[in-house]
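Asks: What follows is a structure written as structure tokens; I'll ask about it next.
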Amino acid sequence: MPKPAASVASFLPQLWHRPFPPTPLLPRALSSSSLLLSSHRAPRRRSLLPVTTPLAAAAAASSAAALEAPTTAANPVYDRLLPCPLQDDPPRIEHLVAREDEVAGEFISRYVADLIKFGAVFYALVAPQPPPYAAPEHVRIFREVTEPSVLRRRASIKGKTVREAQKTFRVTDPNQRLEAGTYVRVHVHPKRFPRCYEIDWKSRVIAVTDDYVVIDKPAATSVGGSTDNIEESCAVFASRALGLETPLMTTHQIDNCSEGCVVLSKTKEFCSVFHGLIREKQVKKVYLALTTAPVSTGIITHYMRPVNRAPRLVSEDHIERWYLCQMEILDCKKVPWPSSLIRKIHNVNDCGWPQQEAAYECKINLLTGKTHQIRAQLAAIGTPIVGDSAYMTAAMAAMANPSINPFGRERLSYSREEEKEAAVEAWIASHGKEPKSVIGLQASEISWDHEGERHSYKAGVPWWRQDAVEPDLI
């Protein structure tokens, strides 16, 4: 007989007795494969009392005999943890601090509730295929819960293929029911965006209409959140600042490290309309980029490798199935390199660029909108964006050794595919880490026409041209 479904709340004792805080601030916290352990306790043995009666003496004698031949007590069963592996995995530790007197179980339960509110807990009806490096114990459990005879007894997956049943969804409610065999994934270290709490979000609102809101997104924030953190985002914080009952929805993205115009939708209908305008190339986006060297006006064309992870690699030569990337440099003018004070205020990484006497502000019409496109294209022609630690380091490596780029003009020829693959890996390794603060890139203007009406918006002064410190940066 199949086991009854359990709720996520069954992992979180007494959680349902506590209301969620309106804006939970996730603490730095404890991380392990399972945050709470369920155990079946063995019965407690009573202490022996002094013998005062024959009946008591008989009972004592019986107890003594039992002590001489003890029965085996059941060991606790920690069935929410995976089995003990043959070798220990590296420890994963999160550190928590209790802000008030409370019960440990409830304290940890509220931490897990924060993870659920952040969107860091996922489930699937059927466990996904374990990766090649999975421990034998993990593979064994996967085979047990995906046996055809087991799956046939589960009403929730009738009519679904295994692949469909392995699709993951966010857990949004601690009381959500979990059927026996359900796979749960917990991101115990969600990516954080502390900058969200420093911003005066009302001052960042450019326009509010019946269908959408336009904001001047600050750098070091995410438009719609990350895979494991949908709470600390521009959409959520702008919604709160405007007092909206229904959260705003994302219609397009710009990089976390960039700033400027972002359109957030109030309705699903406008989301669909705006996505259609983007597909039809009816949305014009103009960027300002602060580069390390001058860039000639005109259209720049590259082709981007179709791999959905950073760094994004581009080639000037056409490569089959690589994405076309085009941008038009409308203007390029010499400007002062940002002062040390401005760089310190905005936490700009100079990445060790050799010449810092002058920078160049480029006005760019983005013709195609691929992830990291402007950053990757400018770095590829030797004019990386100021502060872009991911691509500037690769540009400096190519300046020192032009042949290091296997897709550049001075690339080497490779006789074997293994040599080419090794060269690509070396080129990827020459890139730095993604910036955690601001880079010299602003989504300066956005405009489109819809139903005979013109919609056009412009961001404020970019950070490198600000004469005074912004109030929310003090």
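The values are calculated or read from the model by the stated rules, or taken from the named source; none is laboratory data. Quick caveat, the model's predicted, so the values are computed rather than measured. Every residue, glycine among them, receives a Cβ derived from its backbone with ideal geometry; neighbour counts consider all protein chains shown. Each accessible area value is taken on the protein alone, full model and side chains, heavy atoms only, with ligands, DNA and RNA left out. Shrake-Rupley method; radii C 1.70, N 1.55, O 1.52, S 1.80 Å.
Asks: Looking at A376, A380, A397, which is the one that is within 27 Å of T297 (Cα to Cα), without any contact (Cβ under 8 Å) to a residue 40 or more places away in the chain and in contact with a His (Cβ under 9 Å, 6 or more places away or on another chain)?
Replies: Numbers: A376 fails: without any contact (Cβ under 8 Å) to a residue 40 or more places away in the chain; A380 fails: without any contact (Cβ under 8 Å) to a residue 40 or more places away in the chain.
Step by step, each of A376, A380, A397 is checked, and only A397 is within 27 Å of T297 (Cα to Cα), without any contact (Cβ under 8 Å) to a residue 40 or more places away in the chain and in contact with a His (Cβ under 9 Å, 6 or more places away or on another chain).
Asks: Anything in region 272-300 that is out of contact with any Cys (no Cβ under 7 Å at 6 or more places or on another chain) and of a type in the set (S, T, Y)? List them, or say none.
Replies: Selection gives S272, Y287, T292, S296.
Asks: Residues that are in a loop (DSSP other than H, G, I, E, B) and basic (K, R): does region 226-242 have at least one?
Replies: no
Asks: If I go through region 270-290 residue by residue, how many of them are without any contact (Cβ under 8 Å) to a residue 40 or more places away in the chain, assigned to a helix (DSSP H, G or I) and either on the phi > 0 side of the Ramachandran plot or open to solvent by 20 Å² or more (accessible area, probe 1.4 Å) (or both)?
Replies: 3
Asks: Inside region 214-229, can you point out the residues that are over 18 Å from H455 (Cβ atoms) and touching a strand residue (DSSP E or B) at 6+ places or on another chain (Cβ under 8 Å)? Quick ask: steps written out before the conclusion?
Replies: Let us first name the residues in region 214-229 that are over 18 Å from H455 (Cβ atoms), namely 218-229.
Across region 214-229, the qualifying residues are P218, A219, S222, V223, G224.
Asks: Which residue pairs have Cβ atoms closer than 7 Å, lie 6 or more positions apart in sequence or on different chains, and pair a first residue in region 314-341 that is farther than 16 Å from I299 by Cβ and without any contact (Cβ under 8 Å) to a residue 60 or more places away in the chain with a second residue that is in a strand (DSSP E or B) and among the polar types (S, T, N, Q)?
Replies: W322/S315
Asks: Write out, first by first residue and then by second, each pair whose Cβ atoms fall under 7 Å of each other, whose residues are 6+ apart or on separate chains, and whose first residue, in region 424-449, is free of Cβ contacts under 8 Å to residues at least 24 places away in the same chain while the second is open to solvent by less than 10 Å² (accessible area, probe 1.4 Å).
Replies: Filtered contacts from region 424-449: no entries.
Asks: How many of the residues making up region 331-388 are farther than 27 Å from G408 by Cα and assigned to a helix (DSSP H, G or I)?
Replies: 6
Asks: Against the definition (acidic (D, E), buried (at least 19 other Cβ atoms within 10 Å of the Cβ) and farther than 27 Å from T172 by Cβ), how does E259 come out, yes or no?
Replies: It is true that E259 is acidic (D, E), buried (at least 19 other Cβ atoms within 10 Å of the Cβ) and farther than 27 Å from T172 by Cβ.
Asks: Another question about this same structure. Which of the residues that make up region 459-474 are of a type in the set (A, V, I, L, M), assigned to a loop (DSSP other than H, G, I, E, B) and either at pLDDT below 95 or open to solvent by 70 Å² or more (accessible area, probe 1.4 Å) (or both)?
Replies: Those that are of a type in the set (A, V, I, L, M), assigned to a loop (DSSP other than H, G, I, E, B) and either at pLDDT below 95 or open to solvent by 70 Å² or more (accessible area, probe 1.4 Å) (or both): V461, A468, V469, I474.
Asks: Out of L125, L96, which single residue is within 18 Å of L178 (Cβ to Cβ), hydrophobic (A, V, I, L, M, F, W, C) and touching a residue at least 24 places away in the same chain (Cβ under 8 Å)?
Replies: Criteria check complete, one pass: L125.
Asks: Same structure again: Could we say that W322 is surrounded by 14 or more Cβ atoms within 10 Å (Cβ to Cβ), at pLDDT 95 or above and hydrophobic (A, V, I, L, M, F, W, C) here?
Replies: Considered against the rule, which asks whether it is surrounded by 14 or more Cβ atoms within 10 Å (Cβ to Cβ), at pLDDT 95 or above and hydrophobic (A, V, I, L, M, F, W, C), W322 comes out as yes.
Asks: Looking at region 199-209, can you tell me whether even one residue there is within 22 Å of A443 (Cβ to Cβ), within 21 Å of the chain's Cα centre (by Cα) and modelled with pLDDT of 95 or more?
Replies: Scanning region 199-209 turns up at least one residue that is within 22 Å of A443 (Cβ to Cβ), within 21 Å of the chain's Cα centre (by Cα) and modelled with pLDDT of 95 or more.
Asks: Based on what the data block shows, is R192 in a helix (DSSP H, G or I) and open to solvent by 20 Å² or more (accessible area, probe 1.4 Å)?
Replies: Taking the combined requirement at face value, the residue does not satisfy it.
Asks: Ok, one more. Just need a number here: residues in region 296-313 that are β-branched (V, I, T), farther than 15 Å from L366 by Cα and either in contact with a Lys or Arg (Cβ under 9 Å, 6 or more places away or on another chain) or in contact (Cβ under 8 Å) with a residue 40 or more places away in the chain (or both).
Replies: Total satisfying the criteria: 0.
Asks: In region 195-213, which residue that is in contact with a strand residue (DSSP E or B) (Cβ under 6 Å, 6 or more places away or on another chain) and free of Cβ contacts under 8 Å to residues at least 40 places away in the same chain is surrounded by the most Cβ atoms within 10 Å (Cβ to Cβ)?
Replies: Here the residue is R204.
Asks: Still on this model: Scan region 243-269 residue by residue and report those that are in a loop (DSSP other than H, G, I, E, B), polar (S, T, N, Q) and under 22 Å from A459 (Cα atoms).
Replies: T251, Q253, N256, S258, listed by residue number.
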